[in-house]
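Before we start, here is the structure in question, set down as structure tokens.
The values are calculated or read from the model by the stated rules, or taken from the named source; none is laboratory data. Since the structure is predicted, the reported quantities are computational estimates derived from the model, not experimental observations. Please note: Cβ atoms are built from the backbone with ideal geometry, for glycine as well, and neighbour counts cover all protein chains shown.
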Protein chains: 2
Amino acid sequence: MTKTAIPAPNYPRPLTTVDVVIFTALDEQLQVLLVKRPDGPKEPFPGHWALPGGFVDVDKDTSLETCALRKLKEKTGVDAPYLEQLGSWGSAERDPRGWSATHVYFALLPQAAVQLEKGANAAEVAWHPVIDHKVKPKLAFDHAEILAVAIERLRSKSEYSSLPAYLLPAEFTLPELQQAYEVVLGRPVDKSAFRTRVLSAEVVEETGDQRYTTNRPAALYRLKQPGALTFFPRTFSPRKD
Amino acid sequence: MTKTAIPAPNYPRPLTTVDVVIFTALDEQLQVLLVKRPDGPKEPFPGHWALPGGFVDVDKDTSLETCALRKLKEKTGVDAPYLEQLGSWGSAERDPRGWSATHVYFALLPQAAVQLEKGANAAEVAWHPVIDHKVKPKLAFDHAEILAVAIERLRSKSEYSSLPAYLLPAEFTLPELQQAYEVVLGRPVDKSAFRTRVLSAEVVEETGDQRYTTNRPAALYRLKQPGALTFFPRTFSPRKD
DNA sequence: TTAATAGTGTCTATAAGACATTATATG
DNA sequence: CATATAATGTCTTATAGACACTATTAA
């Protein structure tokens, strides 16, 4: 039961949902997690790919954010190191079941973190590469528009913040971090400028260890303030139009 | 009646509201429009000041944004030259009438635009100066927190965009625009740097007219793209901590 | 002619872009 | 020692900050 110290007016209420845009970097591409909508005559957009999400459960969810965290965990099995609200979309038309409003969050995950279940619903939950602000399949509801906004937010915020670091595991090298930026921004980034920028902003600190690969090893770093964003005083590349 | 091509599941639904944070610059201060909550035993926060807003009307409102525009017009009688979504807040606790989620927009208005009705509800709708990210009266619901986020968003966005221009009428002088920035940012801004920045970004164009006051007249400008935001390649003042 | 505000110019500081150079591991 | 990648250095460019200086109106 919902706590109602004061009775609520008896207006008809819109449907309330929460959706989560979950990004990762995989195979040097930005990818987004999608789920397949169930089939059935009474289902909206049966068989379509959609952002993971669903109705707010007023008994289980204490807030929109805990609801988003719940849905994130249900689909990925992990806690996202970064979650922020993207915005909300609501109208009479967006869901054939009636007036609905969705509260959208977006999350960044390191590649390694997620083990999508193989088996039962393997075909129902999958990463899809983001190409040109879009994903290949036609999405359910207004999710294509929401995804476009999420990608734009991720890109533009990556121009002046440490956001792409959350696509990496807790320890990473600077070349790895640079590549995360390049994947998100979709363009190469100058190594020297990148290093100066990141190091002088004191976003990261050395762990003391090194990552050994086939050639010269690279120093390992971690975020100084895990979960927090650092903002740079300038955008990455002053876009010249 | 709501259109229901497909029946909706019968979960209990949260209350859905829209609130609007309306800013203006008045008397060289940032001000926000507040409304007084009605008195009454069945009213939440009776007599408290609150952000203008209320329930989504699924019959009248086609979307969250049109709902926000409606509430804005109801309180101010004008169309805001700038409106953007701030975010949403929802939890079991924020409204004593039950689980509720509010979709919050924020708007900027020129000082001159608004004539709050004198008379009937004169005491019910009023501008309140923003001092130190707060407003004097204790606000209803979680509106103090929402207002703080709105102010922070306005401030930080003003560091790198043309946002404060929407606190001014369609035609304004550069000293007036500079003062709008100073009011929002709460600090003085260098005149020379300010002018170079604004003029080289081609945000504004001269109208050809001048504003005559007590001394040297100033050239009048207007926005080149009314309703749009221009972003600068750097933040206004690289904050040194 | 003075006061006040509008508008310009000069110099410095900061951080990014381009790109060459040096360093250090593996095989 | 060859190769590949990590890391640094040098030079240029863009734009903000500080602040002095000039311009134009009303009274």
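Going by what's in this entry, would A:E145 be described as in the same structural domain as A:R37 (by TED's automatic domain parsing), away from DNA strand D (no atom under 13 Å from the Cβ) and modelled with pLDDT of 95 or more?
It is true that A:E145 is in the same structural domain as A:R37 (by TED's automatic domain parsing), away from DNA strand D (no atom under 13 Å from the Cβ) and modelled with pLDDT of 95 or more.
Of the numbered conditions (1) under 14 Å from the mean Cα position of the chain (by Cα); (2) more than 21 Å from A:G90 (Cβ to Cβ); (3) modelled with pLDDT of 95 or more; (4) not polar (S, T, N, Q), B:W127 fails exactly one; give the number of that condition.
Of (1) under 14 Å from the mean Cα position of the chain (by Cα); (2) more than 21 Å from A:G90 (Cβ to Cβ); (3) modelled with pLDDT of 95 or more; (4) not polar (S, T, N, Q), only one is false for B:W127: (3).
Go through the range B:71-89 and give me each residue that's in contact (Cβ under 8 Å) with a residue 24 or more places away in the chain and closer than 17 Å to B:A148 by Cβ.
Listed by number, the residues that qualify are B:L86, B:G87, B:W89.
Can you find a residue that is modelled with pLDDT of 95 or more and at positive phi anywhere in the range A:31-43?
No, the range A:31-43 has no match at all.
Considering only residues of the range A:228-241 that are of a type in the set (S, T, Y) and within 12 Å of DNA strand D (Cβ to nearest atom), which is farthest from the other protein chains (Cβ to nearest Cβ)?
So, considering only residues that are of a type in the set (S, T, Y) and within 12 Å of DNA strand D (Cβ to nearest atom), the one farthest from the other protein chains (Cβ to nearest Cβ) is A:S237.
Restricting to the range A:186-227, and then to whatever is exposed (fewer than 15 other Cβ atoms within 10 Å of the Cβ) and within 14 Å of chain B (Cβ to nearest Cβ), can you tell me which residue is farthest from DNA strand D (Cβ to nearest atom)?
In this case the residue turns out to be A:Q225.
Please go through (1) buried (at least 22 other Cβ atoms within 10 Å of the Cβ); (2) of a type outside the set (S, T, Y); (3) over 16 Å from A:F232 (Cβ atoms); (4) within 15 Å of the chain's Cα centre (by Cα) for A:F172 and return the number of the only condition it doesn't satisfy.
(4)
So, one more: Filter the range A:2-56 for residues that are farther than 24 Å from A:F141 by Cβ and within 9 Å of chain B (Cβ to nearest Cβ); which is surrounded by the most Cβ atoms within 10 Å (Cβ to Cβ)?
A:A8
Is there a residue in the range B:65-74 that is more than 14 Å from chain A (Cβ to nearest Cβ) and within 19 Å of B:Q29 (Cα to Cα)?
no
When you look at A:T173, is it over 18 Å from A:E84 (Cβ atoms), within 11 Å of DNA strand D (Cβ to nearest atom) and modelled with pLDDT under 95, yes or no?
no
Also, quick follow-up: Does the range B:207-219 include one or more residues that are within 15 Å of DNA strand C (Cβ to nearest atom), modelled with pLDDT of 95 or more and of a type in the set (A, V, I, L, M)?
yes
Take the range B:79-95 and flag every residue that is in a strand (DSSP E or B), surrounded by fewer than 21 Cβ atoms within 10 Å (Cβ to Cβ) and small (G, A, S).
Those that are in a strand (DSSP E or B), surrounded by fewer than 21 Cβ atoms within 10 Å (Cβ to Cβ) and small (G, A, S): B:G87, B:S91.
Same structure, new question: Of the conditions (1) away from every other protein chain (no Cβ under 14 Å); (2) within 12 Å of DNA strand C (Cβ to nearest atom), A:A170 satisfies every one except a single condition; which number is it?
Every condition holds for A:A170 apart from (2).
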